[in-house]
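Presented below is the structure to which this report refers.
Please treat every number below as a calculation from the coordinates, not as lab data. Remember, predicted model here, so these are calculated numbers, not experimental data. Cβ placement follows ideal geometry from the backbone for every residue including glycine, while neighbour counts extend to all protein chains displayed.
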Amino acid sequence: MVLSGRSQFDLAVRLRREGAPLGEVFSFISGLYFRGKLAYAAVFASPPEGLPEALVITPGRGLLPPETTVTLDELREIAGVLIHEAEPRYRVPLERDARALAGMLPPACDVVLLGSVATSKYLDVLSAIFGDRLLFPTEFAGRGDMSRGGLLLRCARAGSELAYEPLGRATRHGPRPPKLPRL
């Protein structure tokens, strides 16, 4: 819908004219999951001075702040990059930006990944760079995208931060947890 030149809703029109924030675009595309990530990061991120509170893994563009403006043409380019650890157009920019970020972080600073840990599309690249500093929420194991998004939104609203563990020692797959209670 957002890529259609005929769409008349606000976000589609802005993408065609002047562009829109990457976080807003990804929230529209992935719905609850990405909204949950942004809300959670806004409440709990505590980056070192001068660094953004969140970065978005963006195919072909590496790591970008969610406030970064993207146009419709740029979104089409992003959509044309296969999200796979063996795809150089995906991997090279992500490695570049992750290395740069690692070089700016103090030694004791951890990086929290709010993305899927069930596949290697993020892990192969990021764990090689951040090692045990790369953490993820323990409660993500066994949850699908929508469940993770709902969990993140609930935690952000309640001011209740999740527990994290290093990805190298984490259980990445597990039984599906019970459904979240309705809000």
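Pull up all non-local amide H partners of V56: gap of 5 or more, or a different chain, and H-to-H distance under 5 Å with H placed in the peptide plane.
L64
Give me the distance between the Cα centres of the range 1-74 and the range 117-143, rounded to whole Å.
21 Å
Could you pull out the GluC sites (Glu not before Pro) across the range 1-95 that fall in loop regions by DSSP (anything but H, G, I, E, B) with no more than 13 other Cβ atoms inside 10 Å?
Those satisfying the criteria are E18, E49, E67.
Could you give the alpha-carbon Rg of the range 59-135 over 2.2 N^0.38 Å, rounded to two decimals?
1.13
Which whole-Hz ³J(HN,Hα) couplings does the range 50-55 yield from phi under the Karplus relation 6.51 cos²θ - 1.76 cosθ + 1.60, θ = phi - 60°, glycine and proline marked x?
Karplus values, whole Hz, x for Gly and Pro: x, 10, x, 6, 8, 10.
May I ask you to compute the full-extension gain from V13 to E53, defined as 0.36 nm times their residue separation minus their alpha-carbon distance, rounded to one decimal in nm?
Full-extension gain reported as 11.6 nm.
Quick check: residue separation of R89 and D132 times 0.36 nm, minus the Cα distance between them. What number comes out in nm?
12.9 nm
Mind listing the long-range amide H neighbours of L134? Cut-off is under 5 Å, sequence gap 5 or more, other chains count too, H placed in the peptide plane at 1.01 Å from N.
Placed amide hydrogens put V111, L167 under 5 Å from L134.
For the chain, what are Rg and Dmax over the alpha carbons, in angstrom?
Rg, Dmax (Cα atoms, Å): 16.6, 50.
Kindly state, to the nearest 0.05, the FRET efficiency for L105 paired with R6, given R0 = 30 Å and r defined as their beta-carbon distance.
0.10
Compute a Gaussian network model of the chain, connecting alpha carbons closer than 10 Å, and tell me which residue from G150, G168, G115 fluctuates the most.
Ranking G150, G168, G115 by mean-square fluctuation puts G168 first.
Sum up the charges of everything whose Cβ sits under 14 Å from the Cβ of F9, counting Lys and Arg as +1 and Asp and Glu as -1, but leave F9 out.
Computed value for this residue: +2.
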